[in-house]
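Contents: one structure, followed by commentary.
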Amino acid sequence: MPTPPRLIPLLQQFDFACKRLTDRMAGPVVDSGNGTDVEVGPMTDDEYLWEPVPDCWSIRRRSDGPGARATLLVGAGDWGRDSAANPHPVPPPFTTIAWRLGHLSEMLALRADHTNGSHALTRDEYRFHGDAAGAIAAFDSGATAWRAVLLGADDAALDTVGYSAYPYGSDPDNPFAEIVWWVNQELLHHGAEIALLRDLYRARRH
């Protein structure tokens, strides 16, 4: 099925943002933005879980319980993501690379499931990772699943309200084209945050 012309720039943006973020986390080089490759080392587990300020939200061992101002760890398995029932704490807690990357990966996987999958996957069933390599692989899996959704969308789908039934956003109330745009914005801004946190980790005082 041919990709609708209005979806092409959004798909290209998604692809570039995914590659740039993955390269920025895994190396060995990343596109600087002007076509020049910059060397970058793979993210370590210490960096992935680094808490640069007190009371961060992160991905934690379930046996350790939630962090400060969090009331639960969402997800399945041995690791969970700090969270709290609405309304969330104000001001919002600072979040680690692990939290931000887990949020992105969970969002992509669940949105894909609630569009072309079982329409049943919940946050409580999503498995987070306590190591950088596992988290990067989970991001790649989520991005691949969401890209398959985009490739299966025609013009009618882009205009369909509720084409994605993802229950943790405005998806049931908005045309799918708006959801595609929003996912890209989430990827772009959290990807930039992760890149900045990598820079801060490298420049920190020991």
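The values are calculated or read from the model by the stated rules, or taken from the named source; none is laboratory data. Just so it is clear, the structure is predicted and the values come from calculations on it, not from any experiment. Heads up, the Cβs are rebuilt from the backbone with ideal geometry, glycines too, and the neighbour counts pull from every protein chain shown. Note: accessible area is taken over every heavy atom of the protein model, side chains too, but ligands, DNA and RNA are not part of it. Shrake-Rupley method; radii C 1.70, N 1.55, O 1.52, S 1.80 Å.
When residues of segment 24-46 are filtered for being in a helix (DSSP H, G or I), open to solvent by 30 Å² or more (accessible area, probe 1.4 Å) and either hydroxyl-bearing (Ser, Thr, Tyr) or in contact (Cβ under 8 Å) with a residue 40 or more places away in the chain (or both), how many remain? Residues in segment 24-46 being in a helix (DSSP H, G or I), open to solvent by 30 Å² or more (accessible area, probe 1.4 Å) and either hydroxyl-bearing (Ser, Thr, Tyr) or in contact (Cβ under 8 Å) with a residue 40 or more places away in the chain (or both): 3 in total.
Every test in (1) within 26 Å of ALA165 (Cα to Cα); (2) out of contact with any Leu (no Cβ under 9 Å at 6 or more places or on another chain); (3) assigned to a helix (DSSP H, G or I); (4) not β-branched (Val, Ile, Thr) is passed by ALA138 save one, and that test is (2).
Given the residues THR71, THR144, THR96, which is the only one that is touching a helix residue (DSSP H, G or I) at 6+ places or on another chain (Cβ under 9 Å), farther than 28 Å from PHE176 by Cα and among the hydroxyl-bearing types (Ser, Thr, Tyr)?
Working: THR71 fails: touching a helix residue (DSSP H, G or I) at 6+ places or on another chain (Cβ under 9 Å); THR144 fails: farther than 28 Å from PHE176 by Cα.
Sole residue among the options that is touching a helix residue (DSSP H, G or I) at 6+ places or on another chain (Cβ under 9 Å), farther than 28 Å from PHE176 by Cα and among the hydroxyl-bearing types (Ser, Thr, Tyr): THR96.
Filter segment 1-23 for residues that are closer than 15 Å to ASN184 by Cα and free of Cβ contacts under 8 Å to residues at least 24 places away in the same chain and give the result. Scanning segment 1-23 gives ILE8, PRO9, GLN12, PHE16, LYS19. Filtering GLU193, GLU186 for residues that are on the phi < 0 side of the Ramachandran plot, open to solvent by less than 30 Å² (accessible area, probe 1.4 Å) and acidic (Asp, Glu) leaves a single hit, GLU186. Counting only strands (runs of 3 or more DSSP E) wholly contained in segment 47-87, the ones carrying 2 or more residues that are open to solvent by less than 70 Å² (accessible area, probe 1.4 Å) and either modelled with pLDDT under 95 or aliphatic (A, V, I, L, M) (or both) occupy 72-74. The number of residues in segment 1-23 that are open to solvent by 40 Å² or more (accessible area, probe 1.4 Å) and more than 16 Å from TRP146 (Cα to Cα) comes to 5. If the condition is being hydroxyl-bearing (Ser, Thr, Tyr) and without any contact (Cβ under 8 Å) to a residue 12 or more places away in the chain, then segment 105-120 contributes only SER118. Scanning segment 149-177 for residues that are within 18 Å of the chain's Cα centre (by Cα) and open to solvent by 60 Å² or more (accessible area, probe 1.4 Å) yields PRO167, TYR168. How many of the residues making up segment 152-197 are in contact with a Lys or Arg (Cβ under 8 Å, 6 or more places away or on another chain), in a loop (DSSP other than H, G, I, E, B) and closer than 20 Å to ASP15 by Cβ? Residues meeting the conditions: 1.
Applying the criterion of being within 13 Å of the chain's Cα centre (by Cα) and part of a loop (DSSP other than H, G, I, E, B) to the residues of segment 90-128, the residue that is surrounded by the fewest Cβ atoms within 10 Å (Cβ to Cβ) is TYR126.
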